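First up is the structure itself, then whatever we jot down about it.
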Amino acid sequence: MTPTRESSADIDAAAAAWAARVDRGALSDADQAALEAWAAQDARRAGAYAKALAVSAHLDRAAGLGADFLPAAHPAARAADRRRLLVTGGMLAAASVVGAVGYGAVSLKGRVTTAKGDIRRAPLADGSAVTLNTDTAIRAAFDGRMRRVDLLRGEALFDVAKDPARPFVVVAGDVRVRAVGTSFTVRTHADGQVGVIVREGVVEVWRGDRGEPVRLSAEHAVRVADAGVLAPVVVGAAAVDRAMAWRQGQIDLDGLTLGQAADEFARYSDRRIVIDDPTVARLKMTGLFSASDPDGFAKAAALSLGLTATPAPDGVRLSRG
């Protein structure tokens, strides 16, 4: 009998529990060994724990900014344990999280936004939760028949509480995404398309008020344009995790050109990567990079691709020497 695969929600909950224990003080050697053994059993666990610790670290910075932010304790102990596990799990880069992470309940008619470079997780009134990526805005409107969230711009991860009597619907322009209880992301792109990735469960996606719904199950994605057939594709668990690396302050550049990578970094920072040569813009880099460090990425690209990275007004320029 095949064992049941641990869900991402279960992993996140366990990671949060470990982070809370670290908040209370430095771990004993036995607890540290137990933590490292837990993380080693599933590659997703180290990333989830890194995210939980990074959230706590940024909440330390945000303490005193208002009721939406929760203070945390023992930053020195947490930092020491964070370094030890991240090195063990090969996730050191995940310790660099963009901006500040805030918490705050959203009312039935609530609107939540993030500024460029910020990430925010907000519990919704029905027990669901939404995590907003950089420069994102949503508006929630719940009633007795439907839970509706409008994605006005940007990208958000929705962890939906089950309530079969009230479907959860995300509206992004002309695109609708409906779920009962699941976890998925929706992103509005600069070209007007809307991307949907399902982490857990099943959602239905359609275009317009009378469009024919297409069902997406876990580890599937679809890109919705203004016209054409909706064609979901299987992306796999690893690709889903990479696509959601922004929760740990990282950008997944798998398959992107340098020009596209520069556009991605511009979502998170006002420091720009300038590429004047179209042949350079078409070159590719693969990997996960800190969203808050475009200069570091440019230097890595220059080193790997034989380019030159030079200072530019408000950023860095990549060229062929």
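Observations on the structure shown:
- Between T136 and T114, the built amide H atoms are under 5 Å apart, and every one of these is 5 or more places off in sequence or on another chain.
- Derived scalar couplings between HN and Hα for the stretch 238-243 equal 5, 5, 4, 4, 5, 5 Hz in order, rounded to whole Hz, by the Karplus curve 6.51 cos²θ - 1.76 cosθ + 1.60 (θ = phi - 60°), x for Gly and Pro.
- Here the accessible area of the stretch 113-223 is 46 percent carbon and sulfur, with a 1.4 angstrom probe and all protein chains present.
- Accessible area of the stretch 198-304 divided out per residue, in Å², using a probe of 1.4 angstrom: 48 Å²
- Surrounding net charge for V203, when Lys and Arg each add one and Asp and Glu each subtract one, Cβ distance under 11 Å: +2
- Fraction of antiparallel bridges per DSSP, the stretch 247-321 only, in percent to nearest 5: 70 percent
- Amide hydrogen neighbours beyond the local backbone of V274, cut-off 5 Å, H modeled: V316, R317, L318
- ³J(HN,Hα), Karplus 6.51/-1.76/1.60, whole Hz, each residue of the stretch 257-267, x for Gly, Pro: 7, 4, x, 5, 4, 4, 5, 5, 4, 5, 5
- Evaluating 6.51 cos²θ - 1.76 cosθ + 1.60 at θ = phi - 60° for every residue in the stretch 169-182, the Karplus couplings come out as 10, 9, 10, 10, x, 8, 9, 10, 10, 10, 9, 9, x, 6 Hz, glycine and proline recorded as x.
The values are calculated or read from the model by the stated rules, or taken from the named source; none is laboratory data. Bear in mind the structure is a predicted one, so any value in this text is a computation, not a measurement. Neighbour counts run over all protein chains shown; Cβ positions are idealised from the backbone, glycine included. Each accessible area value is taken on the protein alone, full model and side chains, heavy atoms only, with ligands, DNA and RNA left out. Shrake-Rupley method; radii C 1.70, N 1.55, O 1.52, S 1.80 Å.
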